[in-house]
Amino acid sequence: MKTYFVTGGAGFIGANFVHYMLNKYEDIKIINVDKLTYAGNLENLKGVENNPNYTFVQADICDKEAIEKIFNNNEIDYVVNFAAESHVDRSIREPEVFVKTNVLGTVNLLNIAKQYWETENGFKEGKKYLQVSTDEVYGSLGETGYFTETTPLDSHSPYSSSKAGADLMVKAYGDTFKMPINITRCSNNYGPYQFPEKLIPLIINNCLAKRDLPIYGDGMNIRDWLYVEDHCKAIDMVINKGRLGEVYNVGGHNERTNVYIVKTIIDYVSGNIDSSVTEELIKYVEDRKGHDRRYGIDPTKIREELGWEPETSFEVGIKKTIKWYLDNKQWMDNITSGQYQNYYEKMYGNN
Ligand code: NAD
Ligand code: TYD
């Protein structure tokens, strides 16, 4: 029975990963370690709360004692590090916390895993540290070309630079100590449980509330969108089959402009839910500082080496996603009305 030490599992991708893994495998244990920042939400994990193979621990990945205690009490096989400050706009306003969690938190996890996994003859068999990273570390593309695993790191925002710093520290532990590591670099995710500060849930939520739909700059920036479950599948494959020390890019060739995304959501809502939602709600606003123009992943390596293929097309995924937010309106209301805090205190006390 393998034990996964998952960090940031109360956030968007981490929670989807916890669900995905516990649905897929009956013979694994997951310890979910999350600080529960504004982005962490235990409601995302309601479906697994009572699963005997699942444990939640509230802790900061920067906290040496708290993390060591978990390693002391459990034989950890895999660390999967999702925990991060993840929003570019926030990183422009407050970069320090991005360095603290994303870089120093990662180094703390690497040190502790090394401390528990290293023997006189190298690392124990079957252990792995997987760093969940992003294509944003590669910077921005022009109109052509794609990011491959050998594209030089050229991050621009404080968020992406903190992720690039973390990636280089993970690489350093692999290169210097021969620690068993992998890094995955995925394109923009969308799907259930995404915090409504990110483009897709923000636009869905604003459409349903008939509020302005803010588009930064000219709206022609391109992101390469991947349904979150396809990302979870890739991480599972890299943990179980990825060659040690390697980086794997994850993306499904779904490049779309921001304007296209916003209009697709408007069309769906207007055709299926509320015909008074129209493009008149779009509001072009001041551009993000240093706004990356285009991201696009070349996923050849993960496809050819591990057999990974995305299963959900953008057209299917975006409908599923809008429907999920509609069916889970209370989830969104709890976040946007601050009710989540009450829920948390009721469930776990005021700590
Ligand atoms: P998120 O913001 O939704 O969730 C982050 C989680 O980490 C939250 O539950 C938060 O409470 C927790 N956390 C933050 N600081 C912590 C700390 N110091 N200690 C412990 N827990 C802490 O983020 P997400 O969108 O789910 O992203 C998860 C990971 O995937 C991040 O590392 C991000 O860089 C990476 N990633 C995200 C995307 C995307 O499109 N969202 C794409 C590629 C890679
Ligand atoms: P976001 O979801 O913040 O992800 P990232 O910046 O990590 O790619 O933003 C996706 C794209 O949408 C990005 O080009 C910025 C743009 N955007 C808007 O135009 N309006 C918004 O309100 C937000 C949040 C983002």
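A few remarks follow.
- Which numbered condition T176 fails, given (1) part of a loop (DSSP other than H, G, I, E, B); (2) without any contact (Cβ under 8 Å) to a residue 60 or more places away in the chain; (3) more than 16 Å from ligand 2 (Cβ to nearest atom): (1)
- Checking A209 against (1) modelled with pLDDT of 95 or more; (2) under 23 Å from W324 (Cα atoms), the condition it does not meet: (1)
- Residue in region 38-49 that is away from ligand 2 (no atom under 16 Å from the Cβ) and of a type in the set (G, A, S) present: yes
- Some residue of region 97-107 being in contact (Cβ under 8 Å) with a residue 40 or more places away in the chain and closer than 18 Å to Y4 by Cβ: yes
- Residues that are without any contact (Cβ under 8 Å) to a residue 24 or more places away in the chain, of a type in the set (V, I, T) and within 12 Å of ligand 2 (Cβ to nearest atom), drawn from region 246-303: none
- Odd one out for Y227 among (1) away from ligand 2 (no atom under 14 Å from the Cβ); (2) more than 18 Å from A15 (Cβ to Cβ): (2)
- The one condition from (1) in a loop (DSSP other than H, G, I, E, B); (2) of a type outside the set (A, V, I, L, M, F, W, C); (3) touching a residue at least 40 places away in the same chain (Cβ under 8 Å); (4) at negative phi that S155 does not meet is (3).
- Test for D175: is it within 23 Å of A234 (Cα to Cα) and charged (D, E, K, R): no
- Among the residues of this structure, V107 does not count as one that is in contact with a Leu (Cβ under 9 Å, 6 or more places away or on another chain) and not small (G, A, S).
- Candidate set from region 221-253 (those that are among the hydrophobic types (A, V, I, L, M, F, W, C) and in contact with an Asp or Glu (Cβ under 7 Å, 6 or more places away or on another chain)); member that is surrounded by the most Cβ atoms within 10 Å (Cβ to Cβ): V247
- In region 126-152, the residues that are without any contact (Cβ under 8 Å) to a residue 40 or more places away in the chain and either away from ligand 1 (no atom under 16 Å from the Cβ) or not β-branched (V, I, T) (or both): T144, T150, P152
- Subset of region 199-225 [under 22 Å from the mean Cα position of the chain (by Cα) and over 21 Å from T134 (Cβ atoms)]: I204, N205
- Summed over region 264-291, residues that are assigned to a helix (DSSP H, G or I) and among the aromatic types (F, W, Y) total 1.
- Of the criteria (1) within 11 Å of ligand 2 (Cβ to nearest atom); (2) surrounded by fewer than 20 Cβ atoms within 10 Å (Cβ to Cβ), which one P201 fails: (2)
The values are calculated or read from the model by the stated rules, or taken from the named source; none is laboratory data. Quantities reported herein were computed from a predicted structural model and do not represent experimental measurements. Because the Cβ atoms are built from the backbone with ideal geometry, glycine has one as well, and the counts that use them run over all protein chains shown.
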